[in-house]
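The values are calculated or read from the model by the stated rules, or taken from the named source; none is laboratory data. Remember, predicted model here, so these are calculated numbers, not experimental data. Neighbour counts are summed over all protein chains in view; Cβ atoms, including those assigned to glycine, are modelled from backbone coordinates with ideal geometry.
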Amino acid sequence: MRVLWISSKVDVINHINSGISRSNEKITQMIIFSHGTVGTLALGHSTKQEANISINDLTSETIDKSAFAQNYFCVFYSCNPGTNSVND
């Protein structure tokens with residue numbers, strides 16, 4: 001297990017995309033503990049860094065799909081990051 005301490009969403013994206021050596025070591029599982037709001041992975045929620053750390057749309061944040069193993073496992077222990085609106 002690796003724990004990643006971040007200071008910006010760019011850190012998260014860079015680690016996912018390039019990490020150790022993504023050509024040799026694909027992500028097989030990712031478990032994220034964070035706050036969440038509608039459509040947002042709220043990393044740094046209620047801190048001065050929230051705007052720099054929160055990820056609003058993972059698909060538009062240039063995540064490289066090839067960084068993940070074919071059968072990877074991902075869990076978000078957060079509220080609402082996968083919902084599109086308050087009513088979902």
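Looking across the stretch 45-81, the residues that are closer than 17 Å to ILE16 by Cβ, in a loop (DSSP other than H, G, I, E, B) and at pLDDT below 70 come down to SER54, ASN56, ASP57, GLU61, PRO81. For beta carbons closer than 9 Å, sequence separation of 6+ or different chains, a first residue in the stretch 12-26 that is under 14 Å from ILE55 (Cα atoms) and touching a residue at least 40 places away in the same chain (Cβ under 8 Å) and a second that is of a type in the set (S, T, N, Q) and in a helix (DSSP H, G or I), there are no qualifying pairs.
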